[in-house]
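Okay, structure first, notes after.
Any read-out appearing in this document is the output of simple, stated calculations on the displayed coordinates, not a laboratory observation. All values reported here derive from a predicted model rather than from experimental measurement. Glycine also receives a Cβ, built like all others from the backbone with ideal geometry; neighbour counts cover every protein chain displayed.
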Amino acid sequence: MKITLIRHATSLINIGGTKFLLDPIFYSKGTLSPANGGKMVNNPLVDIDFKNDTLNSIDAILVTHPHRDHLDEKVLEIYGPDVEIICPSFYKDKISELGFKKVLPIEASLQYKDINIKLTKARHGIGEIEKLMGESFGFVLNSSNNENLYITGDTVWCTEIEEVLNTEKPEHIIAYAGNAVLNGNKITMGKEDIGEILTHTEKSIILPIHLEAWNHCILERKELKDMDDKIIVLKDGESIEFNQM
C-alpha cells in the first residue's frame, strides 16, 4: 500500500492495485475566502507542488463529504463527468448535481474491484456546531490481500471513532487532524484526539493529514512529530509505502 499526501486532505491511495484519489481540491493558493477561525487569510494557504501526470491515472475518487475544502468543482473539468466517485449515500444527490454521472453511493459497504469499502460515521464537532457542519463520514478499506486502511474523515474524537478502532482494528489510519476551529468551536482532531487514537490502538500506524493548508486548521506538523513513533507526519507531496505483513 502506498499513500501520497497531496495537500490538506487530498491524497493518493494505492491499495491492492487500485488507486484512489481522496477528497480532491485543486484551488490555487489564496483564491478562496477564509473560514471563521484561526488566521484570517485566504485559502488555501499553500499551492500544490505535485506532478499532475501522477494524478491522471486513478481508478476512482473517494469523497468523505462535499465541503469546499474536500471537493473542488474543478474535479469535473479535470476528470470529466464519467469519473467514478465513491461517496456516502447521504451525499449522492448533492455530488450528482455538480455534473458527475457515475456516483457510487455507500450505505454500509461497497465492493470496488478487489477493495471492500465500509462506510463509517464521523462527528464534525460536538453540540450546536455539528448541526451547522452537517453529516460527516469516513471509510475503512480492505483489500483482497489483507491490506487495510481507516480514513477517519472530518471528525473529533468520539465514541463512533472508538467503535471503528475496536471492531476493525486497522493497521493504518489516515487521521483528519488540524484542530480546525469554526466560530470558536473545534471541528476536527487536535493533538489530544490523536492521543486518544494512540491509546485505543496497539500497533496502528497513524498518518495525520488536514494540516497547514486551510486557515482554520491551527495545529502544526511540528506538534505531532515527536508524540510517538507510530505517528508519521507527511509533508505535502511526500509518499510512504507499507509492505504487506
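Here are the numbers for this structure:
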read-out	value
Phi to ³J(HN,Hα) by Karplus 6.51 cos²θ - 1.76 cosθ + 1.60 over the range 103-110, Hz, x for Gly, Pro	9, 9, x, 10, 8, 10, 8, 8
Value at 222 nm in deg cm²/dmol, rounded to 500, when DSSP H runs of n ≥ 4 in the chain each add -39,500 (n - 2.57)	-4000 deg cm²/dmol
Residue with peak Gaussian network fluctuation, the chain [Cα springs, cutoff 10 Å], from 22, 182, 62	182
Rel. contact order, % - alpha carbon contacts under 8 angstrom, at least six apart, the range 158-245	27
Derived scalar couplings ³J(HN,Hα) [the range 19-33; Karplus, 6.51 cos²θ - 1.76 cosθ + 1.60; whole Hz; x for Gly, Pro]	10, 10, 9, 9, 6, x, 9, 10, 4, 6, 4, x, 9, 10, 5
Cβ-based net charge around residue 241, under 15 Å, with every Lys or Arg adding one and every Asp or Glu removing one	-1
Set of lysines near residue 191 by C-alpha distance (under 18 Å), chain-local residues within fewer than 8 positions excluded	222, 225, 230, 235
5 angstrom amide H check on residue 137, placed H, neighbours 5+ away	122, 154
Mean separation of Cα contacts under 8 Å (6+ apart) over length of the chain, as relative contact order %	21
Packing-based order for 67-80, 141-154, using average beta carbon neighbours within 10 Å, highest first	141-154, 67-80
Subset of 121/203; 2/131; 94/121; 101/121; 131/169 violating a 27 Å alpha-carbon distance limit	2/131; 131/169
Cα gyration tensor shape for the range 183-227, rounded if a/c is under 1.5, else prolate or oblate	prolate
Placed amide H near residue 104: partners under 5 Å, 5+ positions off or other chain	85, 86, 87
Rounded, prolate or oblate (a/c below 1.5 giving rounded, otherwise prolate when a/b exceeds b/c) for the chain by Cα gyration tensor	rounded
Backbone HN-Hα couplings from phi across the range 133-141 [Karplus 6.51/-1.76/1.60, Hz, Gly and Pro as x]	6, x, 5, 9, 9, x, 9, 10, 9
